[in-house]
Amino acid sequence: SLVQRSGQLMYDETRQTLQIDLVEKGECSSEVKVVELKRVKSVKAMDYIEEARVAFVLVVNLRPEDTEEISEFYAPEEQANFQFARAEDRDCWDSGLRHLQTVREMAAAMDAVEVHTIGYSRIKRVRLEEPRAGVVVAVRFELANGQEAIMEVKETLLSGKSKMKLNEFVVDWVQKARVLPSETTSLYRLVYSLVHRATLEMKTADIVLRINDCHFES
């Protein structure tokens, strides 16, 4: 069986850690394990068939701890499998951890690049624009220095035809528009939510169109 010990999985936003409270069967005491979010290497949701039921599992691959010895030929990794009673709960943790991974990767990318902030400006006002053909989201930004910059997220970026990810696109746009790098994370969250909403609206419109195209005889 995939499940060896029951417990509770929690996320500590302040400490940026995952806390796992493990409970032994037949015992009142529990064991608490803490995993730093920076150790999460990848996350994958999987369904396993166990006899007559389906196990909703979240597979989390962890990087080695800072104290572990890493050499050219040996890099210890750890895998943790979490089984959930409902697929909805598993999927929520899956998307949540993926999002946190993206934010951390984006922050690390910005830290790795030395940027002189002279001539850069903060965002003062945001205004949504009507997207043109081939564009999912169009946003006009008014900067504190009086200039304006337009961001357009094209369909090719979301369809997989582009080699650039959304977080990389935002980081690149911040550099080109000369926006203060400190605003990158909040800007990514805004763009992510706008793209998510626009994608849902397009899918809904497509479903309605298909329904309207169906003709039923009474």
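Out of all the residues in segment 147-174, which are over 17 Å from Thr102 (Cβ atoms) and at pLDDT below 90?
Glu155, Thr156, Ser159, Lys161
Within segment 28-50, does at least one residue satisfy the condition of being open to solvent by 60 Å² or more (accessible area, probe 1.4 Å), of a type in the set (Asp, Glu), outside any strand (DSSP E or B) and at pLDDT below 85?
no
Six or more apart or on different chains, Cβ atoms under 9 Å: show the pairs whose first residue is in segment 36-53 and closer than 18 Å to Gln83 by Cβ and whose second is at pLDDT below 85 and assigned to a strand (DSSP E or B).
none
Check whether at least one residue in segment 136-144 is within 21 Å of His99 (Cα to Cα) and touching a residue at least 12 places away in the same chain (Cβ under 8 Å), and report yes or no. Show your work before the answer.
Going through segment 136-144, the residues within 21 Å of His99 (Cα to Cα) turn out to be 136-137.
Those left that are additionally touching a residue at least 12 places away in the same chain (Cβ under 8 Å): 136-137.
Yes: one or more hits.
Is segment 186-198 home to any residue that is closer than 12 Å to Val137 by Cα and in contact with a Pro (Cβ under 9 Å, 6 or more places away or on another chain)?
Scanning segment 186-198, I find at least one residue that is closer than 12 Å to Val137 by Cα and in contact with a Pro (Cβ under 9 Å, 6 or more places away or on another chain), so the answer is yes.
So, in segment 79-96, of the ones that are more than 12 Å from the chain's Cα centre (by Cα) and surrounded by fewer than 14 Cβ atoms within 10 Å (Cβ to Cβ), which residue ends up farthest from Phe56 (Cα to Cα)?
Only one residue fits best here, namely Gln79.
Six or more apart or on different chains, Cβ under 9 Å: which pairs go from a residue in segment 189-209 that's farther than 17 Å from Gln101 by Cβ and touching a residue at least 40 places away in the same chain (Cβ under 8 Å) to one that's of a type in the set (Phe, Trp, Tyr) and not in a helix (DSSP H, G or I)? Could you list them?
Once the first residue is farther than 17 Å from Gln101 by Cβ and touching a residue at least 40 places away in the same chain (Cβ under 8 Å) and sits in segment 189-209, no partner that is of a type in the set (Phe, Trp, Tyr) and not in a helix (DSSP H, G or I) comes close enough.
The values are calculated or read from the model by the stated rules, or taken from the named source; none is laboratory data. Because the structure is predicted, anything quoted here is derived from the model rather than measured. Note: ideal-geometry Cβ built from the backbone for every residue, glycine included; neighbour counts use all protein chains shown. Surface areas here come from the heavy atoms of the whole protein model, side chains and all, with no ligands, DNA or RNA. Shrake-Rupley method; radii C 1.70, N 1.55, O 1.52, S 1.80 Å.
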